[in-house]
Structure formats: C-alpha cells, structure tokens
1. Compute the signed sum of charges (Lys and Arg +1, Asp and Glu -1) over the other residues within less than 15 Å, Cβ to Cβ, of B:Trp36.
2. Only four residue types carry charge here, +1 at the Cβ of Lys and Arg and -1 at the Cβ of Asp and Glu. Report the dipole size of chain B about the Cα centre in Debye, rounded to the nearest 20.
3. Take the Cα coordinates of region A:66-185, assign each an equal point scatterer, and use the Debye formula without solvent to give log10 I(q)/I(0) at q = 0.09, 0.10, 0.14, 0.17 Å⁻¹.
4. With the dipole of the protein assembly as shown worked out from charges on the C-beta (+1 for Lys and Arg, -1 for Asp and Glu) around the Cα centre, which of B:Gly187, A:Ile257, A:Phe226 lies farthest toward the positive end?
5. Build a GNM of chain A with springs between Cα atoms under 10 Å: which of A:Ala91, A:Ala175, A:Ala229 gets the top mean-square fluctuation?
6. Residues of region B:43-73 that become at least 10 Å² less accessible with every protein chain present than in their own chain isolated, using 1.4 Å: which are they?
7. Between rounded, prolate and oblate, where does region B:48-266 land on the alpha carbon gyration tensor, with a ≥ b ≥ c its root eigenvalues, rounded for a/c under 1.5, else prolate if a/b exceeds b/c?
8. Could you rank the peptides B:41-51, B:96-106 by their average count of other C-beta atoms within 10 Å per residue, with the highest value first?
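The values are calculated or read from the model by the stated rules, or taken from the named source; none is laboratory data. Remember, predicted model here, so these are calculated numbers, not experimental data. Using ideal geometry, Cβ is built from the backbone for each residue, glycine included, and neighbour counts are taken over all protein chains shown. Only protein heavy atoms, including side chains, enter the accessible area calculation; ligands, DNA and RNA are left aside. Shrake-Rupley method; radii C 1.70, N 1.55, O 1.52, S 1.80 Å.
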Amino acid sequence: MSATAVVHEGPARTPDLELVAMPSVIEVIDLVTHYGSREILHKISLNVRQGEIMVIMGGSGSGKSTLLNTLLGLVRPTSGIVRILGEDLNAISDVERTRLRQKTGVAFQGGALFSSLNVLENIMLPLREHTKLDVQTMRIMARLKMQVVNLAGFENLMPSELSGGMIKRAALARAVVMDPRILFCDEPSAGLDPVVSSAIDDLILTMREAMGMSIVVVTHELESAFKIADRICVLDKGNILMVGSVEEVRGSSNERIQNLLNRRTEAEILDPDEYLKRLTAAND
Amino acid sequence: MRQRFADYMDRAGRSTIDAMAEFGLGAVLLWQSLFWIVMGHRRAQPVRINATFERCVEVGIQALPIITLMSVTIGIMLAIQGIYSLRVFGAEDQVVLGVGMSVPREFGPLITGILVAGRTGSSLAARIGTMKINQELDALMVMGVNPIRFIVTPALIAMTIMVPALTFWSEIVMLIGAGWYIGLDLGMSWAAYIDRLREIVTVDDVLHGLKKATLFGIFITLVGVINGALVKGGAEGVGKMTTRSVVLSICAIIVTDMIFAFVATRS
Ligand SMILES: Nc1ncnc2c1ncn2[C@@H]1O[C@H](COP(=O)(O)OP(=O)(O)O)[C@@H](O)[C@H]1O
Ligand SMILES: [Mg+2]
C-alpha cells in the first residue's frame, strides 16, 4: 500500500485554527545533544501545543529516541532548553522535577512493565508512590484505566503472560493512571501486527478525546503517523526537516521527506571499512 | 613492540580509571541510600517497609537451608582436620581452641559472605541488569520514583541486617557440627565442649566477626547493584555482569577479611 492511499479514519480532528491559539505544553529551543563526543541532535527547536497529537517521525537512527529521552530528562542536553509545562526541565530542583513528572506519563516501546508485579499492581504503582489514597480507591482508579485500554479482566496476569499488544495497552494504562497533562509514547506500533497496531492507534485517539491531554508519539510507521497526528515533526540525521500537518508533510517537495514517505532508504552500507568506522563512532 | 607496550599501558590506564569510577559509584550509591533513609519521608518518597521486609526474607530466611547445610559440613571438616593436625603433637583435645578461635572470627563471616555473594549478589545484579535493558529503570525515573530509593535502599538495609544475622546462625551451626564430631572422635561431652568454648570465645571475637559480616553485606550489595547498572546489550550482557559481580564481591570479601585479620592480630 502506498502512503498516499492512507485515508483519514477515527474521530474527527480538532481544526488547526483552534490549536494555533493554544499555549505550548512543550517548548524545545536550540537543543543540542551528544552521546560522548558525537553530536546526535543539532540545534533542534520544536513546540507541542495543548491538546494536540504531535508525531515525531523519522528513519531508524535519525535521533527520535534521543529526542524523546531528552524531553523526558533521561538524557541531559549539551545546550538548549527543554520546557515542559512552562518549567525548564534541566534547571529545576529534583523535588520540582519529581512533581513535574507526575503530570506526564510515558509508555515505553517494550512496555517497561515491572516483571515482579502483576498488571494491576503495575498500573497502580504511580498512585501508590505519589498519592495517599487507600488501596481500594487506587484499585478502582487503576481498573477504570484498564477498562479504557480494554484490559479489564487481566488484572492478575504477570507481564510475562501478556501478548505484545496487551503489554502496550497495560503500559498506556500505567502512563495515564495519574491523568497526566502530557503523554509520551515510544514506537507504539513497533513489533505489532497491522491489526493490533491499528487498534493501539485508535486507543491513542480515544484517550486524547476522553482525557484531553497532549500526546507526543515517536514512530517510524507512516500509516500510524498519518492516522493519529495533528502535526508531524520529521526528523532526519538529528535535524528537523519540517513540522506540519499530515497534508503539509505529504505534499512536501523536500526530496528527503519524499524518500522517507516512499520508503526509499539510503543504500545499505556494504563496505566493511566504512561500516566498522560507523560502529566505532557509535560506541564512543 | 614499543607501540604494543604503549597500547597496553593505555588500556591498563583506562581500566584503572574505570575501576576508580566504579569505586566512586559505590560511594555515591551508599551516600544516596543513606540520604533516602533519612530524607525519604520529607521528600514524600519513603523507603518502603514492605519492600525491605520482602528483601529480608529473600536474603535471610530463604538462605537458611543452604547456610545451615554448608556450616554444619564445615564445622565437621574443621574438627576432623584439627584433630588430625594436633595429633602430631598429641594435643587432640586442644581442637576446641582451634575451632573456637577460627569459627566466629573467620569461618562464619567468610562462608556466609561467599554464599550470600553467590546467591543474593548475583540475583541483585541480574535483576537490576534486566530492569535496565527493559527500560524499567527509565520507567521508574520518568514516574518520579527514584530507583535508588525504590530498589537499592531496601536491598542494602536487608543485607546489612541479614548478613550478620546469617553469620551468627552459621557460627552456631558450625560449632554444633564441630562439637558433634569432637564428641564422636574424642568422646568429649557436650557440657565439657561448651564449657571449654566459653573459656575461649570472647564477646570481642563474635563482634569482630559480625562487624566484618556487615561490611560484606554492604560490599555485596554495592557490587551487585553497580554491575547490574553497568549492563550493556541484551541477555548476554546480563549474564556477563552477573558473573562479574559474584567474582568481584568474593574478591572484595576475601581481601577485606585479610585486612581485618592483619589489623586485629596486630593491636
Ligand atoms: N546510548 C547511546 N550511546 C551512543 N550512541 C547512541 C546511543 N543511543 C543512540 N545512539 C546513536 O544516536 C543516533 C540516534 O539514535 P536514536 O535516537 O536511537 O535513533 P532512532 O530512535 O531514531 O532510531 C544513532 O546513530 C545511534 O547510533
Ligand atoms: Mg529508537
């Protein structure tokens, strides 16, 4: 299926005009990130508005995970500013950062569920750690979120007993159990078959409708990006090629974007010297 | 040739720096754990009693069978060897002296330390390594849950309590094992054996052993946690660092033990 054949599905989008007036929940200004001496992100700037779904798209190795980890405060940028809900992530105190993190939720690529806890306990964990609610109330809240992600009835299973799609659902439920203002999803469709992956996309749209949060999704799947995005940020080799609506990205005349859309990737490197050089560079 | 040597020195230099970095990491871990014990409540992130209790059961209670079995065996072995050596001087009944002086000071802490390193140190490294590659540590951090407070501190508390406790148990079992064999071989009664032990073993000896055991518990935890946190790559990386953690903590135990013995016998 070619990229242009993808049609709009799911709930209607909020018109862009309305979004423009919305304040930013995430502001990234001139962000530079290094791994060792290797510069991965080159002076990136980006805004995510209240209530929108921003998809960060790019080929493998383009720096998507690095950008996400910087937004999450897991990787410290060399320079530049990351402001989450108006607060400078790298300038605030530990206590303030902990408080800020209660207003954001993250669904990791592999789920990152705690293997020693069952599904319900996993989803309850943020509540346990950050609220003084009694266990009954926490159970009810966690169960409600499990219903939202269609996992009702699976409370007592251990993560190792779940299928790939169920793990993603549980991870989403855990990410939103504190009703965050911002939800981050890393590669929600990676490793899933198309049907399950499409269901997860629907779920992300449903959660935005139901909870009205801003959502940042990192993905390399075009179909998924086009289906859920209000705006797409196209990342390539650590640079932002463009930020725009689905139509704008599709209609772009930029050659690299067209290559990405048509899945024309760079020729695989088969020169051993060149390959080894890259390997050592990556390991520095 | 000269280039080779320079390369070698360079690599040796780098691994020295890495080793120093790991020492530093251990100090930071210890400091952070203490911080969370003291400050956790004020930061609304208390160290969980439940988690600590679970770790205690895992480290202590579940290790009892193997510790008991090994200790009784070593007690008997010490008695056999002691009697055999002392027979040369016709001083077999002095075996109680040997047993009483070596068990609380040396064999109890050492055997317990080595067993706990193999059992708990390795599982700690494996657990943390697996959590790292599954991004569970990242998940904790972005949830605003400090992983040191959540994982390391309970383990550290459990080890500081349970390793000395296990050591004390191991010493009693070793002395019983030795007493049983001495009774069998030399016909010494339990009452005579215990009387003789009470003359020989001082409170200081026992405390010396328990202090060492506490230190071993802390070392094993820190080495396990650091190796787990340094895991790279997939399951293979976890296996590698798990093995490394056992080897390193046993080395740390034996070297510390030697230093303790040297200092204690001088003063
Ligand atoms: N922990 C790391 N250490 C060193 N280099 C890394 C690390 N993680 C990623 N990289 C490098 O950074 C670049 C971007 O990687 P990443 O952000 O994971 O891209 P993506 O998620 O888009 O595939 C890649 O070239 C990768 O080799
Ligand atoms: Mg990635």
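1. Values: positive: B:Arg42, B:Arg43, B:Arg48, B:Arg55, B:Arg149; negative: A:Asp94, A:Glu129.
Residues close to B:Trp36 contribute a combined charge of +3.
2. It works out to roughly 900 debye.
3. Summing over Cα pairs of region A:66-185 leads to -0.27, -0.33, -0.62, -0.86.
4. B:Gly187
5. Residue with maximal mean-square fluctuation among A:Ala91, A:Ala175, A:Ala229: A:Ala91.
6. B:Arg43, B:Ala44, B:Gln45, B:Arg48
7. On the way: a/c = 2.72, a/b = 2.49, b/c = 1.09.
The shape class here is prolate.
8. On the way: B:41-51: 14.1, B:96-106: 21.8.
Ranked by mean Cβ neighbours within 10 Å, highest first: B:96-106, B:41-51.
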